[in-house]
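Heads up: the structure comes next, in structure tokens.
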Amino acid sequence: MYDVEKDKKSFIEFLRVNKIEIVFINMASLVRYAKPIKEVFGNEIRIILMSHGNHSGDFLHLISKPIKKVSFFKKVLNKIRLGFLLATESEFRVKYVDTVVALSETETQIENWFGAKQTLFLPRKLHSDFLKSNPIIGRVGFVGRLDHPPNLQGIEILLDEFNLEQNKSIEIRIVGAPEKIGKQLAKKYSQITYLGELSNDNLETEVATWSIFLNPVWWYSTGASTKLAKAISWGVPIVTTTAGMRGYKWQTGNLLVADTPKQMCSIINKNVFDIQIINSNAIQTQMVANSGFNDYELVEMIKGLLY
């Protein structure tokens, strides 16, 4: 997507004229810009990569869990590409990047494995904008684009487990586009009520009726689960996975956590039929929302890299 050779003359000149000492590179896909900077300026300029997660992790997932059938030749080609991608990600961290700011504690260890000289986990900022909750017993919900593989595969894995348990007293509400996939899910799984896309206001009205907000992220794909931040800010009960909490850190309160579909089904069954339990889980989410890191604390973390 980017042409480093075409761009480098102009941005090298910009760095020189403005006497830039620190360059932040946003996302690993832009890391190739680090090479010409270091070749020209050496240690005069520090390069800090703001990583959204390693690309090879997503690529590996698509190889091992493809959405559709892949030919033998394409499988072999993808494995070769994965090897080159891993080598490239490591090479740039070893040679051209001074620090990697990672999106989770797990990612800091992956960055260390790549050979990063220095790493920092910078947590996502949390907000509180609590909904006026009106939970309906047995109603749970999911929101997300359904043509995004981690979303679609994540909710289908959970729905398959629900089908095995045959618990008809739980209604699963799904919000998201495209409509074609949503209708296919509703046809395949009897417990689903598919709502299509909703406006922001209508979505908040809908989520306020959920006894649990679902965040079924079963693997470490690139990026943090951004919808989790929104759900936390709404102060509603949440069940997530450990992978789904990647990128977040707080001081008080707890979310419901399950790392297998069977565990998540069990937690849902235990937490959506008693209004006192539902309200108690909402209070825990609100405690989480109010105990994240503030601007000053996050800035101090970044400043620690610079001096």
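The values are calculated or read from the model by the stated rules, or taken from the named source; none is laboratory data. Given the structure is predicted, the values throughout are model-derived calculations rather than measurements. Counting neighbours? That spans all protein chains shown, and the Cβs are built from the backbone with ideal geometry, glycine included.
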Legend entry - Options Phe92, Phe114, Phe121, Phe72; residue that is of a type outside the set (Asp, Glu) and free of Cβ contacts under 8 Å to residues at least 40 places away in the same chain: Phe72
Legend entry - Any hit, segment 37-48, residues being within 24 Å of the chain's Cα centre (by Cα) and either closer than 24 Å to Pro150 by Cβ or in the same structural domain as Trp218 (by TED's automatic domain parsing) (or both): no
Inset, instruction - Under 8 Å between Cβ atoms, at least 6 apart or on separate chains: pull out the pairs that start in segment 267-291 with a residue that is under 14 Å from Gln251 (Cα atoms) and end on any residue that is part of a helix (DSSP H, G or I) and polar (S, T, N, Q). - result: Ala289/Ser233
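Conditions (1) within 17 Å of the chain's Cα centre (by Cα); (2) surrounded by fewer than 21 Cβ atoms within 10 Å (Cβ to Cβ), marked per residue:
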position	(1), (2)
Ser104	yes, no
Thr108	yes, yes
Ala116	no, no
Lys125	yes, yes
Asp129	no, yes
Lys132	no, yes
Arg145	yes, yes
Pro150	yes, no
Ile155	yes, no
Inset, instruction - List the helices (runs of 4 or more DSSP H) that sit entirely inside segment 245-307 and contain at least 1 residues that are over 25 Å from Glu171 (Cβ atoms) and not charged (D, E, K, R). - result: 275-289, 295-306
Inset, instruction - State all residues of segment 172-182 that are part of a helix (DSSP H, G or I) and more than 19 Å from Thr209 (Cβ to Cβ); if no residue qualifies, say none. - result: Glu179, Lys180, Ile181
Inset, instruction - Give the residues of segment 29-65 that are surrounded by 19 or more Cβ atoms within 10 Å (Cβ to Cβ) and part of a loop (DSSP other than H, G, I, E, B), sorted by residue number. - result: Ser51, Gly53, Asn54
Legend entry - Checking Ala28 against (1) more than 30 Å from Trp234 (Cα to Cα); (2) out of contact with any helix residue (DSSP H, G or I) (no Cβ under 6 Å at 6 or more places or on another chain); (3) not acidic (Asp, Glu), the condition it does not meet: (2)
Inset, instruction - Being crowded, with 21+ Cβ neighbours inside 10 Å and of a type in the set (Ser, Thr, Tyr) is the filter; apply it to segment 222-253 and report the residue that is modelled with the lowest pLDDT. - result: Ser225
Inset, instruction - Working carefully through the options Ser190, Ser169, find the one that is assigned to a loop (DSSP other than H, G, I, E, B), free of Cβ contacts under 8 Å to residues at least 60 places away in the same chain and farther than 30 Å from Gln109 by Cβ. - result: Ser190
Inset, instruction - Could you list, in sequence order, all residues of segment 119-158 that are aromatic (Phe, Trp, Tyr) and assigned to a strand (DSSP E or B)? - result: Phe121, Phe142
Inset, instruction - Enumerate the pairs (first residue in segment 42-64 and over 28 Å from Tyr307 (Cβ atoms); second residue anywhere and of a type in the set (A, V, I, L, M, F, W, C) and assigned to a loop (DSSP other than H, G, I, E, B)) with beta-carbon separation below 7 Å, excluding pairs fewer than 6 apart on the same chain, so at least 6 apart or on different chains. - result: His61/Trp219
Inset, instruction - Within segment 69-102, work out how many residues are small (Gly, Ala, Ser) and either part of a helix (DSSP H, G or I) or outside the structural domain of Lys117 (by TED's automatic domain parsing) (or both). - result: 3
Inset, instruction - Evaluate the following for Ile137: is it under 22 Å from Thr241 (Cβ atoms) and among the hydrophobic types (A, V, I, L, M, F, W, C)? - result: no
Legend entry - Test result for Asp160, in the same structural domain as Tyr189 (by TED's automatic domain parsing), among the charged types (D, E, K, R) and either closer than 20 Å to Thr226 by Cβ or touching a residue at least 60 places away in the same chain (Cβ under 8 Å) (or both): yes
Inset, instruction - Sort through Leu198, Leu185 and tell me the only one that's surrounded by fewer than 18 Cβ atoms within 10 Å (Cβ to Cβ) and either out of contact with any Lys or Arg (no Cβ under 8 Å at 6 or more places or on another chain) or part of a loop (DSSP other than H, G, I, E, B) (or both). - result: Leu198
